[in-house]
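Visitor: Attaching a single structure in structure tokens format; questions to follow.
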Amino acid sequence: MREALLLLSIVSCVSISSSAQASTDSSFPFMAWDYVDETTILKSMHEAGITSVAFVPAKMLDACQRFSLKCIVFDERLSGTLWSKPFDGDRFQKNFAAVVKEVGNHPALYGYHVKDEPPESDFTELAKAVAEVKRLAPGKWPYINLFPGNGDSYDKYLDHFVEVVHPTALSYDRYSIIGDVGSGELDPAFWTNLAQVRAAAQRHHLPFWNILLSSPHWRYRDLTEADIRLQVWASLAYGVSGISYYKFISKELPILNADDLGNWRGGPLNQFEEKTPTWDWVRDIDRQIQHIAPVFLRLRSDDVYHLGDVPPGNHAASDNSLVRSLPAGDFVVGDFSADGTRYVLIVNKSLKRSVHCAPEFRTKPKAVRYVSPRTGEIKPYPAPFYWLAPGQGVLLELVPN
């Protein structure tokens, strides 16, 4: 699969704020992971709350600018024509100056496609491309998306990638929408992979992006609205810096000699490029996140833990966790901080049950306020009455004593 950034200014732990975002400084970055060479598709993406697109040819940059979209440029002179072929760093270096001369000053330019899901054998060649982008196009993203994985070997893969390639961000994909519709949970690998990439991002002081499933194919089951909500809110709980949707259009990718998998379906746009119910779900969750973005983008991710079922590679609440317990249910909680104030982002992990969200804090705050995902207002938290829909999250500010 050809799945897939921000150049953040980070000091110690991973921060959500960015020095070069895919939209404005107060917007959370949402990327449509798809190749686009039609203006009507860009319009549909913009209307759904997308802030950047991967990928476009150079001729589409003006249209991207009209719809306030930042874009990763795809050019076969840099990336080659086959996704599965070993990466050629010398070819990239030879051709990059010419590509920069053609598009490098365009205001819609976000970065350059380098490679998707590289094996470790490509790392040395990828390092040549990243160094060339840093030299001739500082501030632009040399876009590389990584394989999913788990265990010690995956930690080594991530560390080796950073040590050899020197990327500006980590991006990976893990699709965990399996089983029957309404089964109530994601594949546990979703949580394990999130934890490992977050840990690598913190070890190396890099931002990280998660690519989510928005168009089923192969064995993946058809989506529900809760699937979209949970993938997005859970990623935020782990402190993700940007989110991509794979794919936006339910048909084969017309670059890199990508195969038609035969059963693309249910994406925001169907195979005829018409809006589907998933488009509405993506638009709605993007609106929710943009309403909390002015607060969320300022936060530093301090910890993430699970209440209820604890997936492999993750941990339960500890003596340092801001939330001690929640009523019956399965939750993931992210602890955050900014300017001496602590925040928690609580997510209902169930895909079929609404749950009462009345957290018991380890240290009782003076007051609790929530950032409304509907309006962006910061208001007193109505703890006795607040419920979370399947996959829904809420961001709470803990007012110190």
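Visitor: Of the conditions (1) crowded, with 19+ Cβ neighbours inside 10 Å; (2) part of a helix (DSSP H, G or I), ASP152 fails just one. Which one is it?
Guide: Condition (1) is where ASP152 drops out.
Visitor: Still on this structure, please answer the following. Which condition from (1) part of a helix (DSSP H, G or I); (2) under 17 Å from TYR245 (Cα atoms) is the one that LYS94 breaks?
Guide: LYS94 satisfies every listed condition except (2).
Visitor: Of all strands (runs of 3 or more DSSP E) completely enclosed by region 333-401, which ones contain at least 3 residues that are within 26 Å of VAL310 (Cα to Cα) and not assigned by TED's automatic domain parsing to the domain that holds VAL181?
Guide: 341-348, 393-399
Visitor: Further question: Give the residues of region 350-398 that are surrounded by fewer than 17 Cβ atoms within 10 Å (Cβ to Cβ), touching a helix residue (DSSP H, G or I) at 6+ places or on another chain (Cβ under 8 Å) and hydrophobic (A, V, I, L, M, F, W, C), sorted by residue number.
Guide: ILE378, ALA389
Visitor: Out of everything in region 14-36 that is in contact with a strand residue (DSSP E or B) (Cβ under 7 Å, 6 or more places away or on another chain) and modelled with pLDDT of 95 or more, what residue ends up being nearest to THR278 (Cα to Cα)?
Guide: Only one residue tops the list, namely ALA32.
Visitor: Enumerate the pairs (first residue in region 189-218 and closer than 27 Å to PRO277 by Cα; second residue anywhere and part of a loop (DSSP other than H, G, I, E, B) and acidic (Asp, Glu)) with beta-carbon separation below 6 Å, excluding pairs fewer than 6 apart on the same chain, so at least 6 apart or on different chains.
Guide: Filtered contacts from region 189-218: ILE211/GLU3; PRO216/ASP222.
Visitor: With the checklist (1) touching a Leu at 6+ places or on another chain (Cβ under 6 Å); (2) surrounded by fewer than 19 Cβ atoms within 10 Å (Cβ to Cβ) in hand, flag the one item GLY308 doesn't pass.
Guide: (1) is the only condition that GLY308 fails.
Visitor: Just checking, which of ASP227, ASP286, ASP280 is over 18 Å from TYR175 (Cα atoms), surrounded by 21 or more Cβ atoms within 10 Å (Cβ to Cβ) and not basic (Lys, Arg)?
Guide: It is ASP286.
So that you can scan it fast, the table gives a plain yes or no per residue for (1) within 20 Å of SER235 (Cα to Cα); (2) surrounded by 17 or more Cβ atoms within 10 Å (Cβ to Cβ); (3) in contact with an Asp or Glu (Cβ under 9 Å, 6 or more places away or on another chain); (4) not assigned by TED's automatic domain parsing to the domain that holds ARG221:
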residue: PRO142; (1), (2), (3), (4): no, yes, yes, no
residue: ASN145; (1), (2), (3), (4): yes, yes, yes, no
residue: ASP159; (1), (2), (3), (4): no, no, no, no
residue: LEU170; (1), (2), (3), (4): yes, yes, no, no
residue: GLY179; (1), (2), (3), (4): no, no, yes, no
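Visitor: Cβ-Cβ below 8 Å, separation at least six or inter-chain, first residue in region 23-48 and more than 19 Å from ILE255 (Cβ to Cβ), second at pLDDT below 95 and among the acidic types (Asp, Glu): which pairs?
Guide: none
Visitor: Does any residue of region 204-215 turn out to be out of contact with any Gly (no Cβ under 9 Å at 6 or more places or on another chain) and in a helix (DSSP H, G or I)? Give the steps one after another, and end with the answer.
Guide: The initial filter retains those residues of region 204-215 that are out of contact with any Gly (no Cβ under 9 Å at 6 or more places or on another chain), namely 204-206, 211-213.
Subsequent filtering for residues that are in a helix (DSSP H, G or I) retains 204.
For region 204-215, residues out of contact with any Gly (no Cβ under 9 Å at 6 or more places or on another chain) and in a helix (DSSP H, G or I): present.
Visitor: Here's a follow-up. Where residues in region 66-86 are farther than 23 Å from MET45 by Cα and touching a Phe, Trp or Tyr at 6+ places or on another chain (Cβ under 9 Å), which of them is surrounded by the fewest Cβ atoms within 10 Å (Cβ to Cβ)? Before the answer, list the steps.
Guide: Here is the first cut: in region 66-86, the ones farther than 23 Å from MET45 by Cα are 76-86.
Retained after the next criterion (residues that are touching a Phe, Trp or Tyr at 6+ places or on another chain (Cβ under 9 Å)): 77-80.
Numbers: ARG77: 12, LEU78: 25, SER79: 25, GLY80: 18.
That would be ARG77.
Visitor: TRP387 versus (1) touching a Gly at 6+ places or on another chain (Cβ under 9 Å); (2) more than 27 Å from ALA201 (Cα to Cα): which is the lone unmet condition?
Guide: So the condition that TRP387 fails would be (1).
The values are calculated or read from the model by the stated rules, or taken from the named source; none is laboratory data. Keep in mind the model is a prediction, meaning the values are calculated, not measured. So basically every Cβ, Gly included, is an ideal-geometry build from the backbone, and we count neighbours across all protein chains shown.
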